[in-house]
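These notes concern the structure reproduced below.
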Amino acid sequence: MELLNGKITQLRAIEPDDLNLIYNWENNSKFWNISNTVAPFSKYVIKQFIDNSHLDIFQSKQLRLMIDRTDVNSPETIGTIDLFDFDPLHKRAGIGILIANKENRGKGYASDALDVLINYCFTVLQLHQLFCNITHDNTDSINLFQKKGFTLIGTKKDWLVFSDGTKDESMFQLINPKS
């Protein structure tokens, strides 16, 4: 587990006890625009996802880890960090991150968790590159990923449609310096 420990966070596998937390986060419409979700998930579907989370990333092509903050007396789960579109042939994966509550944002938890996941991806999974897609107005995420060395490689114009109009989506990439 030491590999998945940061300075103020720990990444861990999903546990059955996380059902209600994940259910609430996945069904919070405030987060739908960052996850391209348009409909709620049932507890049954989320339970199936949790039940299958033991599958190897090479089978499922994705990995969700829970983010626990460890700078408190008892670890507190504050978000998730995901690998998606895992492609072992081309040695790449996408990254998504959520710090659910505003009071936990801007305190370094996302940065610490991202450091841990990048290290895991490049040392354990031996990936060549990571990528993320961020709407142009999500400056906090853009700043976070750029501070980690991700570079802007392109912008998809009017890529996402919302009730109040369209948004551009930018793609950022990080190449493993050791590969």
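Computed quantities for the displayed model
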{"read-out": "Among (1) surrounded by 13 or more Cβ atoms within 10 Å (Cβ to Cβ); (2) of a type in the set (G, A, S); (3) closer than 30 Å to N24 by Cβ - the single one G106 does not satisfy", "value": "(1)"}
{"read-out": "Which numbered condition I134 misses (of (1) under 22 Å from K30 (Cβ atoms); (2) of a type in the set (A, V, I, L, M); (3) in contact with a Cys (Cβ under 8 Å, 6 or more places away or on another chain))", "value": "(3)"}
{"read-out": "Residue in segment 91-100 that is surrounded by 12 or more Cβ atoms within 10 Å (Cβ to Cβ) and farther than 25 Å from K7 by Cβ present", "value": "yes"}
{"read-out": "Residue match in segment 101-108 (condition: assigned to a strand (DSSP E or B) and in contact (Cβ under 8 Å) with a residue 40 or more places away in the chain)", "value": "no"}
{"read-out": "Considering residues of segment 147-161 that are touching a residue at least 24 places away in the same chain (Cβ under 8 Å) and either in contact with a Cys (Cβ under 6 Å, 6 or more places away or on another chain) or surrounded by 15 or more Cβ atoms within 10 Å (Cβ to Cβ) (or both) only, the residue farthest from G94 (Cα to Cα)", "value": "L160"}
{"read-out": "Residues satisfying the stated conditions in segment 152-174, i.e. hydroxyl-bearing (S, T, Y) and in a strand (DSSP E or B)", "value": "T155, T166, S170"}
{"read-out": "Residue among N138, N119 that alone is surrounded by fewer than 18 Cβ atoms within 10 Å (Cβ to Cβ) and closer than 20 Å to L3 by Cα", "value": "N119"}
{"read-out": "Test for S170: is it surrounded by 18 or more Cβ atoms within 10 Å (Cβ to Cβ) and out of contact with any Lys or Arg (no Cβ under 9 Å at 6 or more places or on another chain)", "value": "no"}
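Quick note: the coordinates plus some simple rules give every number you see, no bench work behind them. Here the structure is a predicted model, which is why all the values come from computation and not from measurement. Here Cβ is always computed from backbone atoms with ideal geometry, including for glycine, and neighbour counts include all displayed protein chains.
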